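All remarks here apply to the structure that follows.
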Amino acid sequence: MKTSTQQPTIGIVGQGAVGLLAASQLALRHLPCHLLTRDPALSVLVLNFRQQQQEHSLLLNCHKPQQPVQLLLVPVKAFSVGQALQQWLPSCAADADIVLCHNGMGTLELAQSKLQSGQKLWFASTTHGALKSGPHRLQHTGVGRTVLGPINALACQSSPPAALLAAALGPLEVVTDILPVLWQKLAINAVINPLTALLMVKNGELTKPQYRRQIELLIHEFCLVAQTKGQTFDPQTLCQTVLDVAANTAGNFSSMQQDRALMRPDELEFITGFLLNAAAEAGIAIPAHQQLYQQLRAVKPA
Ligand code: PAF
């Protein structure tokens with residue numbers, strides 16, 4: 001039984017960069033959590049965590065929690081959300097807060113269908129940058145912020161797990177409607193990720209004038225699709241936002257570039273694929289995104 005003085009049991013799924021960043025921030029604030037990994041033999045993860053010129057050696061707890069998980073953070077790739085929830089929801093309390101955190105869209109219905117009736121579903125969209133350069137090495141490469149919003153009806157009526165999320169991935173902003181945030185992030189990912197993955201370049205390359213026309217076209221098409229879902233964006237402002245992100249992360253490789261360089265599955269289906277499906281539903285042609293999608297599907301990962 002959880003008492004009012006006890007900290008809720010926190011579970012963080014996987015060993016991805018954002019999950020390890022959240023676990024590290026909690027550990028540095030003496031807020032213990034459980035890393036929920038696929039390896040049942042792993043009990044502790046020794047992590048060398050670098051943040052603002054400081055090195056920390058952290059011991060992250062990978063034991064399966066004895067108590068029901070009250071807060072489940074699911075910072076896994078979009079294509080792993082279903083499997084992650086299948087595996088870890090049985091370890092969660094009947095009234096747990098479940099927080100998705102990934103690039104792309106298209107997982108919300110599936111996630112809702114897996115929840116028990118008393119569980120609350122949230123989405124956290126973060127701009128923190130973290131680089132995992134080995135199984136035991138993580139660097140906080142870009143200090144960002146996180147926006148948290150409710151997804152299911154129960155979450156809309158409940159208070160958000162704001163304090164813990166702020167400790168893990170703050171500064172935190174809580175919003176009542178997360179969809180505009182997710183669509184804006186989708187625009188950023190639908191331009192930067194496929195282009196950098198195709199060209200095998202760092203994000204900063206896209207700020208060069210030679211890519212401007214293609215980026216404007218991608219954003220124009222994006223805005224047409226977003227509009228059919230009730231999301232209105234000004235193309236010029238959105239184009240500038242995308243270019244600002246590319247400039248602010250100039251020295252980084254995008255997650256899709258890294259996935260393809262390392263021959264891992266990528267999130268193209270949940271980014272460009274999601275957009276193409278939404279366009280098809282609305283009867284809109286988006287040839288610039290279609291072409292990028294086909295080019296990426298035609299080229300085998302490096
Ligand atoms: O997926 C990524 O890499 C990031 O979301 C972003 C913002 C494109 C920066 O690299």
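The values are calculated or read from the model by the stated rules, or taken from the named source; none is laboratory data. Remember, it's a predicted structure, so these values are computed and weren't measured experimentally. Cβ sites come from the backbone with ideal geometry, for glycine too, and all protein chains shown count toward neighbours.
In table form, for the structure just shown:
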| item | result |
| --- | --- |
| Yes/no for Ala96 being over 10 Å from the mean Cα position of the chain (by Cα) and within 24 Å of Gly144 (Cβ to Cβ) | no |
| Matching residues in the range 240-260 - criterion: being free of Cβ contacts under 8 Å to residues at least 12 places away in the same chain and either under 21 Å from Leu217 (Cα atoms) or more than 10 Å from the ligand (Cβ to nearest atom) (or both) | Gln240, Asp244 |
| Test for Cys62: is it modelled with pLDDT of 95 or more, away from the ligand (no atom under 15 Å from the Cβ) and closer than 28 Å to Arg264 by Cα | yes |
| Any chance Thr237 is near the ligand (Cβ under 10 Å from one of its atoms) and either over 23 Å from the mean Cα position of the chain (by Cα) or not in a loop (DSSP other than H, G, I, E, B) (or both) | no |
| Matching residues, the range 266-302, being charged (D, E, K, R) and in a helix (DSSP H, G or I) | Glu269, Glu281, Arg297 |
| Meets criteria (in a helix (DSSP H, G or I), modelled with pLDDT of 95 or more and either surrounded by fewer than 16 Cβ atoms within 10 Å (Cβ to Cβ) or hydroxyl-bearing (Ser, Thr, Tyr) (or both)) for Gln210 | yes |
| Any chance Ile98 is closer than 30 Å to Leu296 by Cβ, touching a Leu at 6+ places or on another chain (Cβ under 9 Å) and at pLDDT 95 or above | no |
| Qualifying residue in the range 274-286 (condition: over 25 Å from Pro75 (Cβ atoms), of a type outside the set (A, V, I, L, M, F, W, C) and either surrounded by 14 or more Cβ atoms within 10 Å (Cβ to Cβ) or at pLDDT 95 or above (or both)) | yes |
